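Below is one structure, written out as structure tokens, with a few remarks after it.
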Amino acid sequence: QVQLVESGGGLVQAGGSLRLSCVASGSQSSINTMRWYRQAPGKARELVAAITSGGSTNYADSVKGRFTISRDNANNTVYLQMDSLKPEDTAVYYCNVNYYFRNYWGQGTQVTVSS
């Protein structure tokens with residue numbers, strides 16, 4: 001069993017920044033890819049960014065150049081630095097890992113960007 005705990009959400013004005021963190025615990029070996037998803041009201045959950053244990057990253061087109069994903073492998077922590085935030089970034093952000101063919105999700109952290 002893997003537990004994921006996110007933190008760092010909040011209310012910010014457009015143009016501002018937030019940094020999300022997600023700590024993974026319970027894994028007996030290293031976790032390969034760690035991901036951030038988000039879900040806005042009335043919309044499907046979407047992939048925001050992903051990072052492998054080797055540091056390879058990919059981003060949704062909507063956040064490229066504004067968001068940066070990083071990780072601390074020693075502490076099984078993944079971060080999402082969000083800059084130049086827009087009202088359309090408002091959503092619940094979820095941390096996700098796939099570990100031994102099981103999908104794990106955190107409880108989510110709310111990010112609200114006011115215009």
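The values are calculated or read from the model by the stated rules, or taken from the named source; none is laboratory data. Just so you know, these numbers come straight off a predicted model, no measurement behind them. Cβ coordinates were reconstructed from backbone atoms using ideal geometry, including for glycine residues, and neighbour counts include every protein chain displayed. Heads up: the accessible areas ignore ligands, DNA and RNA and are worked out on the full protein's heavy atoms, side chains in. Shrake-Rupley method; radii C 1.70, N 1.55, O 1.52, S 1.80 Å.
Note on region 95-109: among residues that are out of contact with any Asp or Glu (no Cβ under 7 Å at 6 or more places or on another chain) and surrounded by 12 or more Cβ atoms within 10 Å (Cβ to Cβ), the one that is farthest from residue 41 (Cα to Cα) is 99. Looking across region 63-101, the residues that are at pLDDT 95 or above, small (Gly, Ala, Ser) and either more than 28 Å from residue 13 (Cβ to Cβ) or under 14 Å from the mean Cα position of the chain (by Cα) (or both) come down to 70, 91. Against the definition (without any contact (Cβ under 8 Å) to a residue 40 or more places away in the chain, in a strand (DSSP E or B) and in contact with a Leu (Cβ under 9 Å, 6 or more places away or on another chain)), how does residue 103 come out, yes or no? So residue 103 fails the test. The selection criterion, being touching a residue at least 24 places away in the same chain (Cβ under 8 Å) and not aromatic (Phe, Trp, Tyr), holds for residue 86. Taken over region 10-33, the criterion of being modelled with pLDDT under 95, small (Gly, Ala, Ser) and in a loop (DSSP other than H, G, I, E, B) is satisfied by 26, 27, 29, 30.
The set of residues in region 68-100 being part of a strand (DSSP E or B) and polar (S, T, N, Q) consists of 68, 70, 77, 81, 96, 98.
For region 5-62, how many residues meet the condition of being open to solvent by less than 40 Å² (accessible area, probe 1.4 Å) and under 16 Å from residue 111 (Cα atoms)? Number of matching residues: 15.
Would you mention how many residues in region 32-61 are hydroxyl-bearing (Ser, Thr, Tyr), over 18 Å from residue 6 (Cβ atoms) and in contact (Cβ under 8 Å) with a residue 12 or more places away in the chain? The total comes to 3.
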